[in-house]
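> Just dropping this structure here.
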Amino acid sequence: MTQVLTELGIQVTLLEAGPMLNPSKDFKEHWWPYQTPDRGMGPGGSRYFGKSPYPFGLYDAGFGDWQLEGEPYTVAPGDKFVWYRSRIVGGRTNHYGRISLRFADYDFAPYTRDGVGTDWPITYDELAPYYDKTESFIGVTGSKEGIRSAPDGVFQPCPPPRVHEMLVQRACKQLNIPCIPSRLAVITQPTHGRPACHYCAQCNRGCVSASNYSSSQVQIFPAMKTGRVTLIANAMARELITDSSGKVVAVSYIDKITRTEKQIKCRAAVVACGACESSRLLLNSKSSRFPDGLANGSGQIGRNLTDSVGYSLSARIPALEGLPRHNSDGMGGMHVYVPWWLWEKKDLGFPRGYHIEVGGGFGMPGPGQFHGLCARHEGYGKELKTYLRSQYGTSVGLAGRGEHVPNPKTYCEIDPEVVDKFGIPVLRFHFQWTDNELKQARHMHETFTAILETMGGVITRPAPKSVEGDGISIGGEIIHELGTVRMGNDPRTSALNKYCQAHEVKNLFVADAAPFVSNPDKNPTLTINALAWRTAEYLAEEMRKGNV
Amino acid sequence: MSDEGGTGFSLCSRDAFSRREMLRAAALAVLASGTLPLADAQEVHRIAEIEGLYRPKALTPHEYRTLAALADLIVPADEVSLGAVAAGAPAWIDLLASQSPELTDIYTGGIAWLDITMRRRAGSDFVSAKPDQQTALLDLIAYRKNGTGELAPGVRFFEWARKMVVDGFYSSPLGTKDLGYMGNTAVSKFEVPQEAIDYALRRSPFGK
């Protein structure tokens, strides 16, 4: 958004709730576990007691957590939801999985297709040019496959499959499941001044050479060089201020360093705080004209919350025991993946589908990795040591990411009783999986079992039987929460129009995943970027015409 | 071993490490030259770790000696690499324990149990017992099937000691080398050796 607006000559002020990012200091990309005294088990070995200060591993560049001190959220009694927040320039894109999948044409018309959920106000063809622009700009690996569920894009070559990935591909072939080169926002060729990937596998720690995509390094820092960006760090947006005509005229924010309230005037406001945080800001921006929150005449803000359905399964693969050692790091993530392949099947018992992610290889050794093997093998001494050496690199994991259809019991709202340390009312979450998601998780279990067994693995874990504590992810855990300020053509059932512009407030836009109408089995970041690009062009044009 | 010595020294240059680590890195560098026989090398480390350079923070010297003995029984030196003491596993465990009363209690309680039990069985504390007396006790407490009755506290403690010694060993430069991890380095092209592909396919249900 910032990058496109500044290219179009517009002055942008960025309010960031966290500090500035300094990659050369903050990213610990190539550090070893023993370069930190606790080596990743936390001070006092807290991870042994179920508490980790490193939710995604030592040196992860998320710079966030499931709970932030002084900034709580609440969850309705009986529900489960977790919310991962990063407060730093670039936010969660500094560490995310870089999986970059276009939505399929049918993903934009889910209701038309199966009568569940709601259609988007735009089609694949309308967004496709922006997928092209985004992929060309940030760099995405992949291959042309002609699979309807996984539209082809502008791709850079994907590195070859690792040994275990080759076995997954063989197994999938026998089972008639496609398993294709990965689509990751990692550049394998020099791109716009960024050097190609050096294949250290540590994408989640932040890339010092900016060879993967993060909004900080690929969009914000270059945009700052245009001189059109003012970045205000440690600025926690509290409220959007409107005038008598209902237009946003200023943003009120807390300067976290001095704990004082400040205001900055604006001609237009673009909200992109992460879907739930964006809905919180709008719901907290109440006035006599907007008593239920800014641009919330539809009552839809906070509603339609979804996450991805997550289920994973792993097995030791005997064929990999004693595998000749080599550097299997590669990109920070899988080199192959399985796109949804049963989109034509109507009798699955659940709507929509999932894709499969693949894990394995000789990862960087670290504490915790052999707990399962120690418990299984028991004993001690030379025999245990030989066993662990033989098993290193033999684990192959499959993770499903499936579509969660919005339901009325899953939403967020302002908790009337709780404020954060800045006095800002916090979110209260309601989250329920339905039978749809549970059946999908069971289907994942059957598929993963078939693939791993075909490779020679032995599966002992039973299929999930009930939603609670039985393998399916907790709501929010996959960190694909979205849909809380949805777009649509009807102002009665949506907050934003097809350009992510508020129906009721012409100079208010939303540019994260809050506008999404559905949450297909494709990780949201690529679509966030494509949609934001389209929104930015529209906003610039409306400003040029004097409409905004 | 040569890159381990190098890693040790570059660590020191980060200023976060004490004289003890510098000496250990120096010892590793000597080892890297490969001139010391394995047993001697192991002994150098035992002395350095137990008697000289490391002052335990949470455990008493006796408790620390016992933990060190246990650590080298769990992950001993073999033809591939040195053992858990050389890798600094006991010092790492002691460091974590010094930050956690809960963890300290697990070790002081577990080590006291080992001593009491060994005195009953052999008339001496654990660390003074003969090697075959030590292993005879571990052969019992290293398995969950003995986890009920009077051995239960020992079995429970050994699970802690095993996983933490294993963690301390494999998260060290020595353990990393033992596993043959060759990554965390920059390469211009990612390639998979044909030898590895052939090996896995030959052993897999897919054949060649």
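> For chain A, calculate the relative contact order in percent as a whole number, restricting contacts to Cα pairs under 8 Å that are 6 or more residues apart.
Relative contact order of chain A: 22 percent.
> Here is a follow-up. What's log10 of I(q)/I(0) for segment B:49-175 at q = 0.12 Å⁻¹, Debye sum over Cα points only, no solvent?
Those come out to -0.41, one per q.
> What percentages, rounded to whole numbers, describe P(r) for the protein assembly as shown computed over all alpha carbon pairs with 10 Å bin width beginning at zero?
3, 13, 22, 23, 19, 12, 6, 2, 0, 0
> Relative to the Cα centre, what is the charge dipole magnitude of the protein assembly as shown, using +1 at the beta carbon of each Lys and Arg, -1 at the beta carbon of each Asp and Glu, and rounding to the nearest 20 debye?
The dipole of the protein assembly as shown has a size of about 540 debye.
> Relative contact order of segment A:265-376: what whole-number percent is it, with Cα pairs under 8 angstrom and at least 6 residues apart?
Value for segment A:265-376: 15 percent.
> Taking the Cα centre of the protein assembly as shown as the origin and placing charges on Cβ (Lys, Arg +1; Asp, Glu -1), which of A:PHE63, A:GLY50, B:ILE197 is farthest toward the positive end of the dipole?
Ranked along the dipole, the leading option is A:PHE63.
> Explain nothing, just the number: dipole magnitude of segment A:77-209 about its Cα centre with +1 on each Lys and Arg Cβ and -1 on each Asp and Glu Cβ, in debye rounded to the nearest 20.
720 debye
> Can you spot the lysines whose alpha carbon is less than 22 Å from A:LYS262's alpha carbon? Ignore those fewer than 8 places along the same chain.
Cα-Cα hits under 22 Å: A:LYS247, A:LYS286, A:LYS421.
> How many angstrom lie between the C-alpha centres of segment B:133-190 and segment A:480-548?
52 Å
> Further question: List every DSSP H helix in chain A whose Cα atoms extend 24 Å or more along the helix's own long axis and whose mean Kyte-Doolittle hydropathy is at least -0.5.
Taking the DSSP H segments of chain A (at least 24 Å long, mean hydropathy at least -0.5), we get A:525-545.
> Rank A:VAL249, A:THR394, A:VAL116 by how far each Cα sits towards the positive end of the charge dipole of chain A (+1 on Lys, Arg Cβ; -1 on Asp, Glu Cβ) and give me just the farthest.
A:THR394
> How well do other chains shield peptide A:367-377, expressed as the mean number of their Cβ atoms within 10 Å of each residue Cβ?
Rounded to a whole number, the mean comes out at 5.
> Hey, what number do you get for chain A at 222 nm if only DSSP H runs of n ≥ 4 count, each worth -39500 (n - 2.57), divided across all residues, to the nearest 500?
Calculated mean residue ellipticity at 222 nm is -6000 deg cm²/dmol.
> Now a separate question. Compare the Cα positions of A:PHE448, A:VAL12, A:THR525 along the charge dipole of chain A (+1 at Cβ of Lys, Arg; -1 at Cβ of Asp, Glu; about the Cα centre) and return the one farthest towards the positive end.
Most positive-ward Cα: A:VAL12.
> Write out the cysteines belonging to chain A for which the nearest other cysteine Cβ is not under 4.7 Å, or none if no such cysteine exists.
A:CYS158, A:CYS197, A:CYS200, A:CYS203, A:CYS207, A:CYS266, A:CYS273, A:CYS276, A:CYS374, A:CYS412, A:CYS500
> For peptide B:154-160, how many partner chain Cβ atoms fall within 10 Å of a residue's Cβ, on average?
Per-residue shielding by partner chains comes out at 1.
No lab work stands behind these numbers, since they all come straight from the coordinates. Computed from a predicted model, the values in this text were never measured in an experiment. All Cβ positions, even for glycine, are placed from backbone atoms using ideal geometry, and neighbour counts span all protein chains on display.
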